[in-house]
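Reviewing the structure listed below.
The values are calculated or read from the model by the stated rules, or taken from the named source; none is laboratory data. Given the structure is predicted, the values throughout are model-derived calculations rather than measurements. The area values use the complete protein model at the heavy-atom level, side chains included, leaving out ligands, DNA and RNA. Shrake-Rupley method; radii C 1.70, N 1.55, O 1.52, S 1.80 Å.
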Amino acid sequence: RELAWRLAVRDLRVQYRQSYLGYLWAFISPLANTAAWMFLNASGVIKVADTGIPYPAYVFSGTMLWQLLVESFQSPLQQLGAAKGMLAKLNFPREAIIMSGFIKILSSAGIKLVILLPALLLLGVTPDWHLVLVPFAMLLLVITGIALGLLVAPLGMLYTDIGRAIPLAAQFAMYITPVVFAMPAQGRMARILELNPATPLILTARAWLTGAESPMLGYFIGVCTTMLVLLFLGLLLYRITMPLLIERLNS
């Protein structure tokens, strides 16, 4: 734990040391995405169904939550890639690398929450008592991302194409998740979104953020339970494959 904390603090200091805007980058990307979708909706290029809350708040909150999920998914592979030199030369608890990434993502989640709350108030949304559940929902988003990331990280260490494909896959997956548009009431797209396990995670976290009713609470609990099991399996796979990966790095 101490090693993971030291690694996380070091990485957080380095991450924005040469950045003038620093942690504001966590705000700029979702804001740009929100502005783009507002323009497309206002110009009639796309027609978005009723979202229940002001559309800018819907897009901004959805983008921030999606960004947190994607960052968590990329974290294990990024951490391993950055620690290749340490892995090849030093003997230390390998779980510290993953835990370090977990600490960094939790820090990012805290920053996003601090940004989200005043932004939603400015956009005309008033949260209710469900707000106390939002950190729990964001934690489950992080756990989901890291669990899935652990399953692909060993393969990603062997083939760099995996790391390059993840952002492309995440961009496609965003459009089959209710991040920037409302859930359709029926049709093929509605069925696809219902089958997407990210859907209840995003919808429930956004509902708790904005004081709306959570439409998929049972599904949310089921997905979270599954992801906790996958996290355990991912850590087990990580422990089994790390000696083989380190041997490959040293060869």
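Here the 3J(HN,Hα) profile of region 168-183, calculated from phi with Karplus coefficients 6.51, -1.76 and 1.60 at θ = phi - 60°, is 5, 5, 5, 5, 5, 4, 4, 7, 10, 10, x, 8, 10, 9, 6, 5 Hz, Gly and Pro shown as x. Heavy-atom accessible surface of LEU87, to the nearest 10 Å², is about 0 Å², with a 1.4 Å probe and all protein chains retained.
Here's the list of aspartates and glutamates a cross-link from LYS104 could span, going by alpha-carbon distance under 15 Å and ignoring same-chain residues fewer than 8 apart: GLU2, ASP11, GLU71, GLU95. By the rule of a C-alpha distance below 18 Å, with chain neighbours fewer than 8 residues away ignored, the aspartates and glutamates paired with LYS89 are GLU247.
In this view, the solvent-accessible surface of LEU120, computed with a 1.4 Å probe and all protein chains in place, comes to about 0 Å².
Derived value for region 141-235: Kirkwood hydrodynamic radius 14.6 Å. Basis is the mean of 1/r over every pair of different alpha-carbon atoms.
Our coupling estimate for region 140-156, obtained by passing each phi through the Karplus curve with A = 6.51, B = -1.76, C = 1.60 and θ = phi - 60°, is 5, 4, 5, 4, 4, x, 5, 4, 5, x, 5, 6, 9, 4, x, 5, x Hz, Gly and Pro reported as x.
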